[in-house]
Amino acid sequence: MQTLATQVLEQAAGLPEGAPLIAKELLHLGNRAAVDQVLSRLVQRGKLLRAGRGIYVLPVESRFGSRAPSTVKMVEGLARQRGETIVPHGASAANTLGLTTQVPTRSVYLTSGPSRRLKLGAQTVELRHAPTWQLIFPGRAAGDVVRALAWLGPDKAGAALRALRAKLPPAEMKKVASARARLPTWMAQELSALLAHA
């Protein structure tokens, strides 16, 4: 018969890279105290990384040794598992869209779930609860536009929108404009002004 530790590691190995292993999802293998004890031992032995309370990930093994999985893959896996919407922070979105050359030094994401911090090896990933309007269009340039504008603020929004109109496909800008009723008044006004001059 397999040990509980072996069963936990097999379960972790069956997940895609960065997919979180949640302690509560292992209760079919044993009672909570036994599962927690095994997870703790596996972390001490370097077989698992503890990302947060009850959340673990399997390190990625390569010829250079083991490393933490990619932050993006961990966040995507957590979003799928928890049913949350998790998107890059506005500073990251602004950088992706070329509105700023500043590269965010910390990994910050906006989430529909509770605010919390996760550890991935030496890196801390911050998840900040955000209003619904900042989480629209996940995985699309239109969503990045909304988050970038929220981060830039009302004073820089007009210039940013004019720059983006020249860069992005018209369909993405139309998608952003279609959400005006859900956006803050200042952002809706800037989008309306942009459409009026189009």
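We did not get these values from a lab; they are worked out from the coordinates using the rules stated. Note that the structure is predicted; figures quoted are calculated from it, not measured. Virtual Cβ from ideal backbone geometry, glycine too; neighbours counted across all protein chains shown.
So what is the diffusion coefficient of region 106-198 in µm² per second by Stokes-Einstein at 37 °C and 0.692 mPa s, using a Kirkwood Rh over Cα pairs?
After rounding, the answer is 231 µm²/s.
Charges on Cβ only, +1 for Lys and Arg, -1 for Asp and Glu, centred on the Cα centroid of the chain; of PRO59, PRO114, LEU48, which one is farthest towards the dipole's positive end?
PRO114
TRP186 label point, 7 Å along Cα→Cβ, cut-off 18 Å on backbone N: hits in region 131-151?
Zone members listed by number: 131-135, 145-151.
What range in the chain is the longest one free of trypsin sites (Lys or Arg not before Pro) that are in a loop by DSSP and have at most 12 other Cβ atoms within 10 angstrom?
107-198
LYS167 to SER115: FRET efficiency via 1/(1 + (r/R0)^6), r the Cβ-Cβ distance, R0 45 Å, to the nearest 0.05?
0.90
Using only alpha carbon pairs under 8 Å that are at least six residues apart, calculate the relative contact order of region 97-198 and give it in whole percent.
Relative contact order for region 97-198 comes out at 20 percent.
Pull up the DSSP beta bridges for the chain and report the antiparallel fraction as a percent, rounded to 5.
The answer is about 75 percent antiparallel.
What are the extents of the Cα atoms of region 4-67 along their three principal axes, listed from largest to smallest and rounded to whole Å?
36, 22, 22
Over the Cα atoms of the chain, how large are the radius of gyration and the largest Cα-Cα distance (Dmax), in Å?
Gyration radius and largest Cα-Cα distance of the chain: 20.6, 72 Å.
Lysines near LYS156 by alpha-carbon distance under 26 Å, same-chain residues fewer than 8 away left out - which ones?
The qualifying lysines are LYS167, LYS174, LYS175.
So what are the radius of gyration and Dmax for the Cα set of region 1-115, in Å?
16.4, 58
Between ARG50 and GLU25, what is the label-to-label distance in nm when each label sits 7 Å out along the Cα-to-Cβ direction?
Computed distance between label sites ARG50 and GLU25 equals 2.0 nm.
Under a GNM of the chain (C-alpha, springs under 10 Å), which listed residue has the highest mean-square fluctuation: GLY90, GLY30, GLY139?
Ranking GLY90, GLY30, GLY139 by mean-square fluctuation puts GLY30 first.
Using just the helices of the chain, give the 222 nm mean residue ellipticity in deg cm²/dmol: DSSP H runs with n ≥ 4 each add -39,500 (n - 2.57), and the total is spread over all residues, rounded to 500.
It comes out at -13500 deg cm²/dmol, rounded to the nearest 500.
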